[in-house]
Amino acid sequence: MTTTGDSTIPVLTIDGPSGSGKGTISRLVAERLGWHYLDSGALYRAVGVAAGWNDLDLDDAGALVRCAFDTEIRFREAADGELRVLVNGHDATDELRTETAGAAASAIAAIPEVRTALRDRQRAFRQPPGLVTDGRDMGTVIFPDAQFKVFLTASAEERAERRYKQLKEKGVSVTLAGLLREILARDARDANRAVAPLRPAEDAVRIDTTGQPIDAVVQQVLAVVRR
Ligand code: DC
């Protein structure tokens, strides 16, 4: 039997591909429930960024596994309510959001020992009164015994458009076609890797967010918990 922390503490897992709205929806749902929130992708991104700082080769699995064990990752809520991520004591929040960090995270996330190195850290977030966590394998591998599971999807075109708007607002110059290509490549890598591939847990409620306003999705997710 997998030990994933105190099983009396409720967990809501929200898995799905990048751009499905997981991050925004999970944060809002955690806020409404008054539960803790874990962005598991940030852990993979943090290891990717730390590997970059240390000039590690993305093909050197041994070095990346050591990096996953050694990197200190902390989350801190800033005065404006935004969640900041400290990697080895440095605020790396903005760097974590870059496409480079996402691509590095996706590559290192395919290494089984890296996933094992991060597993117990993720489970430690299961604290009262409850946890909302988003990622790829939250409902399948990290918290298979979660009381509530959701799998969010959206068309690749809409996900690329959402990302395009976000990056444009930040003044980053990208093309929609390029983003769509990257999203499809990342989906394929995350879904086809041998270990913990992106797939819905059998007992997850699937919600397609294409064309839906954020609050409508938040209500549907809250209904899963309140049901
Ligand atoms: O959710 P995100 O885009 O921040 O995740 C970045 C990468 O990390 C993603 O391409 C796959 C990987 N990841 C993972 O393998 N398992 C998770 N639970 C979360 C993220």
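The values are calculated or read from the model by the stated rules, or taken from the named source; none is laboratory data. Only a predicted model underlies this, so the values are computations on that prediction, with no experimental measurement involved. All Cβ positions, even for glycine, are placed from backbone atoms using ideal geometry, and neighbour counts span all protein chains on display. Areas reflect the complete protein model, heavy atoms only, side chains present, ligands, DNA and RNA absent. Shrake-Rupley method; radii C 1.70, N 1.55, O 1.52, S 1.80 Å.
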### Message
Take the conditions open to solvent by 10 Å² or more (accessible area, probe 1.4 Å) and more than 16 Å from the chain's Cα centre (by Cα) and apply them to F69. Does it pass?
### Response
yes
### Task
Restricting attention to segment 136-157, report how many residues are among the aliphatic types (A, V, I, L, M), assigned to a loop (DSSP other than H, G, I, E, B) and more than 16 Å from the chain's Cα centre (by Cα).
1
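In segment 11-31, what residues are touching a residue at least 40 places away in the same chain (Cβ under 8 Å), under 19 Å from R126 (Cβ atoms) and open to solvent by 30 Å² or more (accessible area, probe 1.4 Å)?
Passing the criteria: only R27.
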### Task
From (1) at pLDDT 95 or above; (2) more than 8 Å from the ligand (Cβ to nearest atom), pick out the condition that doesn't hold for D134.
(2)
### Task
Hey, can you tell me all the residues within segment 51-105 that are under 22 Å from D120 (Cβ atoms) and touching a residue at least 60 places away in the same chain (Cβ under 8 Å)?
A105
### Message
Any residue at all in segment 176-192 that's part of a loop (DSSP other than H, G, I, E, B) and modelled with pLDDT under 95?
### Response
no
### Query
So is E158 closer than 24 Å to D94 by Cα, at pLDDT 90 or above and of a type outside the set (K, R) or not?
yes
